[in-house]
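The values are calculated or read from the model by the stated rules, or taken from the named source; none is laboratory data. Treat the numbers as computed from the prediction; the structure is a model and nothing was measured. Note that each Cβ is placed from the backbone with ideal geometry, even for glycine, and that neighbours are counted across all protein chains shown. Surface accessibility is based on the protein's heavy atoms, side chains included, excluding ligands, DNA and RNA. Shrake-Rupley method; radii C 1.70, N 1.55, O 1.52, S 1.80 Å.
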Amino acid sequence: MVRRARTASPGTGRPRPARLAAGRLRPARLEAGRPSPPPTAAGQPRPGSTAAGQSRPGSTPAGQPRPVRLGAGRLRPARLAAGRSRPPRLAAGRARSGRFPAGRLVPRTLRARLTCGLVVLLALSCAAVGIAAVVALRSFLTERVDQQIAAAGSRFPASLEHSAGVPGEPDKDNQYADTRRQAPGTFGARLLHGGVTAAAVVRSRGDTDVALTAHDRATLAAVPVDGRCHVLDLSSLGDYRVVATPGDDGDVLITGMSMRGVHEAEERLVEVEAAVFGGALIVAGAAGAVWVRLSLRPLRRVAATATSVTSLPLDSGEVTLPDRVPDTDPRTEVGQVGAALNRMLGHVENALSKRHASEERLRRFAADASHELRTPVAAIRGHAELAMRHPGPVPPGVGRALERISAESVRMGGMVDDLLLLARLDAGRPLARDSVDLTRLVLDAVDDARAAGPDHRWALDLPEEPVTVMGDAARLHQIAANLLSNARTHTPAGTKVTVRLRQTPHATTLAVTDDGPGIPEGLRESVFDRFTRAPHSRTGHGAGLGLSIVTAVAAAHSGSATATSTPGETTFTVTLPGRD
């Protein structure tokens, strides 16, 4: 193959200026180390300079670097001082790249990744097949062109020979170009002493003239006379595959065939491949998506089973786990995952069943013990009161003992009642469902608390309209009484306790706030647990069941109880259903 020589433009002796952009030129850089102007006498200004203190029109103020002029009216700012580096130009690139993060283009789901991977592999295979087909077709058609050139021989360019003595005068034996048995598009040229003397191309209309530029003549003259085929690009004809052979008169005969048919066949093949492969990719992508979706159905069943387990309340009570995963074939990956999940669910269900049985035994024991203890505790209390009413003289020690027995029996009776209430609530026994005036209930509870704790400051924040809810009046009163008792018991004298009551169509809230020292940090998470007692309680009474009863009664009314505490502000909030 002959490479066309690039014709260099005639030089002018001057170096060409470097081109910056469309129509703009960059001047040559100043030479490094250019000597400065010769010094002048002391006190004399340099030629062309201005006097001290004066500025030239258009000059920059003193102390500022003067810009360097680049071209027509364009200035380049002076270089920074030595030692100072220019800031990297990364901010704009980062800002532009941040608009479209690459993570958005990467598929996240397994189905999308498998489908995209299938389509990408198929696209790579189609591209490889297409490129191989184009290369094979080009090689085959080029070989056919070479065969046509060999069959044509040098008969056509030989018919273009002219007399060597008088340039331009035709030879008597070859006065006309012989186009017989020559395919249309066949090119012929005759070269003598490195110059093209004649050139023609076979056309169907009979015209054989062809216009050659100086570049085309130079390209033809550079074709080596080796009997091999080479590719040329002729300005008026396009790509041609030519072969040069020596003539009888010391000239060179060039025969060529057009490569237009080869290029057209390649372009047509590329178009067909693009259409066929594009359609195949679309169909394969759709079919692959459906196939992947069907193949991943067992995995979706495993995920659905695991999701259903996460939605179950596993903290307490009897828990019924969902059905096991049906896909347990150990020969497949999904089957192995399903079998492992089924085994794990079996272990979890067994543990939950044992826990539930233990809780039921504990509840029954608490209920039975509370019920059985009520009678002896009441008997002890009655006997103590009867002994204290004896008309005869009672020794001081015996009287003190009887008072302590009566007080402890009262405390034990309250504890037994609380345990029995909690056991009944845990068992899910229904409460009364009546319309309760919560405002009146809170007023009574505050009056009782004020009487029990006169050293505290009690405040009410109630709405103007009465607040009514559906529930058990006795249990709701117990909620308010326990919250106020807790605030009175665990705060010092002088603490302000505020009771707030609010109601919306969706919720009713009862909040008790005090400005005491707050709940210790170690007890904030377990403040509603049973038998939880604060270490700084002012009284040694209480079993730590008051707040447990609050949260249990609130849960029985489809509500909840929460607590927030910081030094100087502690709030217990009970939320119940609203008017709706």
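Just a few scattered comments:
- Residue list for region 556-568, restricted to those being within 42 Å of the chain's Cα centre (by Cα) and within 18 Å of N486 (Cβ to Cβ): G559, S560, A561, T562, A563, T564, S565, T566, P567
- Pairs, first without any contact (Cβ under 8 Å) to a residue 60 or more places away in the chain in region 137-155, second in a loop (DSSP other than H, G, I, E, B) and open to solvent by 40 Å² or more (accessible area, probe 1.4 Å), C-beta under 9 Å, six or more apart: R155/D178; R155/R180; R155/R181
- T508 vs. criteria open to solvent by 30 Å² or more (accessible area, probe 1.4 Å), in contact with a strand residue (DSSP E or B) (Cβ under 8 Å, 6 or more places away or on another chain), among the polar types (S, T, N, Q) and in contact (Cβ under 8 Å) with a residue 12 or more places away in the chain: no
- For region 409-508, the strands (runs of 3 or more DSSP E) that sit wholly inside it and include 2 or more residues that are within 18 Å of L547 (Cβ to Cβ) are 496-503.
- Qualifying residue in region 389-401 (condition: modelled with pLDDT under 80 and either within 30 Å of L321 (Cα to Cα) or aliphatic (A, V, I, L, M) (or both)): yes
- Any hit, region 305-313, residues being open to solvent by less than 50 Å² (accessible area, probe 1.4 Å), among the polar types (S, T, N, Q), out of contact with any Phe, Trp or Tyr (no Cβ under 7 Å at 6 or more places or on another chain) and free of Cβ contacts under 8 Å to residues at least 24 places away in the same chain: yes
- Wholly within region 211-315, helices (runs of 4 or more DSSP H) carrying at least 1 residues that are touching a Cys at 6+ places or on another chain (Cβ under 8 Å): 260-295
- Only a single criterion out of (1) more than 20 Å from T109 (Cβ to Cβ); (2) loosely packed, with under 12 Cβ neighbours inside 10 Å; (3) among the hydrophobic types (A, V, I, L, M, F, W, C) is not satisfied by V290, namely (1).
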